[in-house]
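*Asks:* Sharing a structure below in structure tokens format, with a few things to ask.
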Amino acid sequence: MTLLTTLFNGLAYGFLLFIMAIGLSVTMGMMRFVNLAHASLCMLGGYVMATALGPWGWPFLATLPLAFVATGLFSLLLERLLLRHFYAADDLTQVLLTIGLVFMSVSSVAYVWGPAFKPVQLPAWLTGQVQVGGLGLERYRLFLVGVGLLLSAAIVFGVERTRFGAMVRACVDNRRVAAASGLNVQTVFALSFAIGGGLAGLGGALSAGLLGLDPNFALRYLVYVLIVVSVGGLGSIAGTLLAALGLGLADVASKYYLPAAGGSIIYLATVVVMLWRPQGLLGRRLGHG
């Protein structure tokens, strides 16, 4: 594997992590709610896609919006029926609640879909390699980079250029001032949580063909999502993207060039960044809510 191929594979992985983590970054920045169950939403999206692709026979591209919508609706129900009652709770209570939801999701997925690895059969046009500039690049990783670029642009436009995005930014900066200005903060919370959950499901659906899918998916990638959010900075889209791409590049490069080191390099880099900037690379001091 050449250096350029390693960089490309790291970028593809990084965009995947960004899609999985951006919803958690925005909702944690807005709600100050420690939602460790976000990784379970990623897993749910993966299983929705795999079910639609396999037993239901849906085309691959049609399974992606299905994963987004299904996971978004489930996220909305979860937020309205359960999580909103714990917004005022302390961090430890929120962690215990949501980590409990993670373990429940692992058991539930194993019961519904079985404990074994779930195979995902990608369409022929996404398998194999294609020559780009003399490099043999995997078609599916090229697809992930393209989707990542499009979603990044769409998210930035949605947050920076739309009325709803302005409401989200206001709630992230200061919930009390936003509420005093006439915004329905609870509705913004619910819609943001649904969109963030939908993006998590989409990220899980896209990751199934690259990372694999089994009931331990949520536990395996929870730490990666949390690293991206913490290093990037709560509520920062650019910071989350930068952290995700950096983590993707570092993870792929370290596993190829320093396999004996395992993931220790990533965790060491995370500790250094958090000691240097506790609020994250592009994080900012959030208003009180």
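The values are calculated or read from the model by the stated rules, or taken from the named source; none is laboratory data. Keep in mind it's a predicted model, so treat the numbers as computed, not measured. With ideal geometry, Cβ positions are generated from the backbone for all residues, glycine too; neighbour counts draw on all protein chains shown.
*Asks:* Tell me, please, whether a residue that is in a helix (DSSP H, G or I), within 23 Å of LEU16 (Cβ to Cβ) and either touching an Asp or Glu at 6+ places or on another chain (Cβ under 9 Å) or without any contact (Cβ under 8 Å) to a residue 12 or more places away in the chain (or both) can be found in the range 94-111.
*Replies:* The answer is yes; a qualifying residue exists.
*Asks:* Now for a different question. Considering only residues of the range 132-150 that are of a type in the set (A, V, I, L, M, F, W, C) and either surrounded by 18 or more Cβ atoms within 10 Å (Cβ to Cβ) or under 18 Å from LEU61 (Cα atoms) (or both), which is modelled with the lowest pLDDT?
*Replies:* LEU137
*Asks:* Within the range 201-217, is even one residue under 27 Å from VAL156 (Cα atoms), in contact with a helix residue (DSSP H, G or I) (Cβ under 7 Å, 6 or more places away or on another chain) and hydroxyl-bearing (Ser, Thr, Tyr)?
*Replies:* yes
*Asks:* Moving on to the next point. Could you grab the pairs with beta carbons closer than 9 Å, sequence gap of 6+ or different chains, first residue in the range 62-84 and under 18 Å from LEU206 (Cα atoms), second one among the hydroxyl-bearing types (Ser, Thr, Tyr)?
*Replies:* Partner pairs satisfying both residue conditions: THR63/THR51; ALA67/TYR47.
*Asks:* Residue under question is GLY203, and the condition is that it be assigned to a helix (DSSP H, G or I) and in contact (Cβ under 8 Å) with a residue 40 or more places away in the chain; does it hold?
*Replies:* yes
*Asks:* Then there is this: Need the failing condition index for TYR47 against (1) under 18 Å from PRO119 (Cβ atoms); (2) surrounded by fewer than 20 Cβ atoms within 10 Å (Cβ to Cβ), just the number.
*Replies:* For TYR47, the exception is condition (2).
*Asks:* Would you mind finding the one in GLY196, GLY201 that is closer than 30 Å to ILE265 by Cα and modelled with pLDDT of 95 or more?
*Replies:* GLY201
*Asks:* Okay, next question. Show me the helices (runs of 4 or more DSSP H) found entirely inside the range 210-289 where at least 2 residues are buried (at least 16 other Cβ atoms within 10 Å of the Cβ) and at pLDDT below 90.
*Replies:* Answer list for the range 210-289: 237-257, 264-276.
*Asks:* Right, something else. Within the range 95-120, how many residues turn out to be closer than 22 Å to GLY203 by Cβ, touching a helix residue (DSSP H, G or I) at 6+ places or on another chain (Cβ under 7 Å) and not hydroxyl-bearing (Ser, Thr, Tyr)?
*Replies:* 7
Table: residues versus (1) under 21 Å from the mean Cα position of the chain (by Cα); (2) more than 24 Å from LEU82 (Cβ to Cβ); (3) acidic (Asp, Glu).
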site: VAL172; (1), (2), (3): yes, no, no
site: THR187; (1), (2), (3): no, no, no
site: GLY203; (1), (2), (3): yes, no, no
site: LEU213; (1), (2), (3): yes, yes, no
site: ALA218; (1), (2), (3): yes, no, no
site: VAL228; (1), (2), (3): yes, yes, no
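*Asks:* Quick one: how many residues across the range 1-20 are crowded, with 16+ Cβ neighbours inside 10 Å, in contact with a helix residue (DSSP H, G or I) (Cβ under 8 Å, 6 or more places away or on another chain) and either modelled with pLDDT under 90 or of a type outside the set (Val, Ile, Thr) (or both)?
*Replies:* Within the range 1-20, residues that are crowded, with 16+ Cβ neighbours inside 10 Å, in contact with a helix residue (DSSP H, G or I) (Cβ under 8 Å, 6 or more places away or on another chain) and either modelled with pLDDT under 90 or of a type outside the set (Val, Ile, Thr) (or both) number 13.
*Asks:* Filter the range 50-68 down to residues that are under 21 Å from LEU101 (Cα atoms) and either among the small types (Gly, Ala, Ser) or over 15 Å from the mean Cα position of the chain (by Cα) (or both), then give me how many there are.
*Replies:* Counting residues in the range 50-68 that are under 21 Å from LEU101 (Cα atoms) and either among the small types (Gly, Ala, Ser) or over 15 Å from the mean Cα position of the chain (by Cα) (or both) gives 1.
*Asks:* Return a yes/no flag: does the range 82-93 have any residue that is surrounded by 19 or more Cβ atoms within 10 Å (Cβ to Cβ), on the phi < 0 side of the Ramachandran plot and either outside any helix (DSSP H, G or I) or at pLDDT 95 or above (or both).
*Replies:* no
Residues are listed down the side, and each one gets a yes or a no for (1) within 29 Å of GLY10 (Cα to Cα); (2) surrounded by 14 or more Cβ atoms within 10 Å (Cβ to Cβ):
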| residue | (1), (2) |
| --- | --- |
| THR98 | no, yes |
| VAL106 | yes, yes |
| PHE117 | yes, no |
| THR127 | yes, no |
| VAL130 | yes, no |
| SER152 | yes, yes |
| ILE155 | yes, yes |
| GLU160 | yes, no |
